[in-house]
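The values are calculated or read from the model by the stated rules, or taken from the named source; none is laboratory data. This is a predicted model, so every value here is computed, not measured. Cβ placement follows ideal geometry from the backbone for every residue including glycine, while neighbour counts extend to all protein chains displayed. The area values use the complete protein model at the heavy-atom level, side chains included, leaving out ligands, DNA and RNA. Shrake-Rupley method; radii C 1.70, N 1.55, O 1.52, S 1.80 Å.
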Amino acid sequence: MKNKYLSASLGLYINYFVHGMALIIIAQNIDFLSKQWHTDNAGAAAVVSSLGIGKLVAVFFSGKLSDRFGRKLSVVLGILFYVLFLGGILISPNVAVAYMLGISAGVANSFLDTGTYPALMEAFPKKSGPANIIIKAFMQGGQFVLPYLISFLIMRQLWFGWSFIVLIAVLCVNLVFVLTRTFPPMAADSPESQAAEPQKARTLHFSLNEICLILFGYVAQTVLYILGQWIAKYGSEVVHMSEGSSRLLVSYGSLGAICCVLVTFLLGNRGIKPIYFMMIYTVMTAVVSLVIWAFPVPAVCTAGAVLLGYFSSGGLIQLGLTLLAEKSSRGKGLVTSLYTIAEGVAIFTIPLVAAAISRVNIGGIFLLNAAVALFGFVLSLIVFTRDRQPVNEAGVQAERARC
């Protein structure tokens, strides 16, 4: 497929390769960081909740900035804030400072999202779903590589901070690359959304479909977070796997997610709608989470990590956002911001809830995962049902006319 924006898209995807690493770099280095910050593992894990605050703060202006001044500026700001986060965390002396720096990572994520997703939709207007799904492949690629990088550093008794420095170096090189690329012209609305809602202006009124899909952002971010942040600790403390084996559970999850991205990409190109994936993946996430909780043995945990990676980390966030952009007549930057708000609430609340549960029983976190996934299925089912109603009504009217 020839497209003059392919090189710009590559730069966008590389950002998400680093983003995938950044999401789990605190969890993967939690033992080192908890000592540096003079706290326990739960206290260090709670720092991740600051990313949610950053996303919530940034979404009130990042989407508008993207729609008004362009996608490239939003992406560049995202890269710069991520460099600030990674460098700052590396030298932060305590939890309070780390928490403030975590906010910059949330801001970075928000800028990347509101610049990247609309840019890809505009670069590949007929393949926006598959183009956004590829983001997930790069994210999971990063999450697959990072545990191996950290294991290498530990085996060689090298400073854990090199994992942060590698990410900073990649971002700086990619920043130069992105600045030299040409981005597609902005398009406020898709033809599909204009045809679906020709009378709807950008008002404060939201349809039920929009509300459900925005809430789905909370669900998708929650199940992604729980797998990336807690599967390793569950493996070591509940299943009693070795430290090295439990760390690799994250990589196994990434393998499952990459397989899911490939399958979803291929089926999406064949015309399978995102809503079908969303319903199936949320149900299976709930089932696998319950099995992991009920049978805490190494074989089940390892297989469960792969399956959870497939169903919960294989593109739910991207599928939900793509469907929201298709069904909303609002600007792509704005709907991405609204979706990001739901993600930010999840990133802020779920780490605190999970940390509290972990002090009682880490296994309970996967019961929470199952419950949230079932909620996501209900949201998807509502959208699916409402989409079928107009078709059914039209069919009834046509049948009456023939009679």
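At a glance:
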{"read-out": "Enumeration of residues in the stretch 1-33 that are closer than 18 Å to residue 146 by Cβ, of a type outside the set (A, V, I, L, M) and in a helix (DSSP H, G or I)", "value": "13, 15, 16, 17, 19, 20, 28, 31, 32"}
{"read-out": "In the stretch 35-46, the residues that are open to solvent by less than 10 Å² (accessible area, probe 1.4 Å) and without any contact (Cβ under 8 Å) to a residue 60 or more places away in the chain", "value": "44"}
{"read-out": "Single match in 279, 284 (criterion: more than 15 Å from the chain's Cα centre (by Cα), open to solvent by 20 Å² or more (accessible area, probe 1.4 Å) and touching a residue at least 60 places away in the same chain (Cβ under 8 Å))", "value": "279"}
{"read-out": "Residue count, the stretch 150-169 (criterion: surrounded by fewer than 16 Cβ atoms within 10 Å (Cβ to Cβ), more than 16 Å from residue 33 (Cα to Cα) and either in contact (Cβ under 8 Å) with a residue 40 or more places away in the chain or within 25 Å of the chain's Cα centre (by Cα) (or both))", "value": "1"}
{"read-out": "Restricting the stretch 55-78 to residues that are under 16 Å from residue 101 (Cβ atoms) and open to solvent by less than 10 Å² (accessible area, probe 1.4 Å), the residue that is modelled with the highest pLDDT", "value": "78"}
{"read-out": "Unmet criterion (only one of (1) surrounded by fewer than 24 Cβ atoms within 10 Å (Cβ to Cβ); (2) more than 15 Å from the chain's Cα centre (by Cα)) for residue 141", "value": "(2)"}
{"read-out": "Residue that is in contact with a helix residue (DSSP H, G or I) (Cβ under 8 Å, 6 or more places away or on another chain) and open to solvent by 70 Å² or more (accessible area, probe 1.4 Å), where the choices are 210, 243, 237", "value": "243"}
{"read-out": "Hits in the stretch 74-121 - residues which are of a type in the set (Ser, Thr, Tyr) and closer than 21 Å to residue 41 by Cα", "value": "92, 99"}
{"read-out": "Residue list for the stretch 334-388, restricted to those being open to solvent by less than 10 Å² (accessible area, probe 1.4 Å), of a type in the set (Gly, Ala, Ser), in a helix (DSSP H, G or I) and out of contact with any Leu (no Cβ under 8 Å at 6 or more places or on another chain)", "value": "337, 346, 355, 373, 380"}
{"read-out": "Scope the stretch 125-178; condition at pLDDT below 85, β-branched (Val, Ile, Thr) and more than 30 Å from residue 320 (Cα to Cα); matching residues", "value": "154"}
{"read-out": "Condition met for residue 252 (touching a Cys at 6+ places or on another chain (Cβ under 8 Å), farther than 30 Å from residue 335 by Cβ and assigned to a helix (DSSP H, G or I))", "value": "no"}
{"read-out": "Hits in the stretch 124-138 (condition: under 27 Å from residue 68 (Cβ atoms) and open to solvent by less than 10 Å² (accessible area, probe 1.4 Å))", "value": "131, 132, 135"}
{"read-out": "Boolean, residue 251 is farther than 20 Å from residue 45 by Cβ, polar (S, T, N, Q) and modelled with pLDDT under 85", "value": "no"}
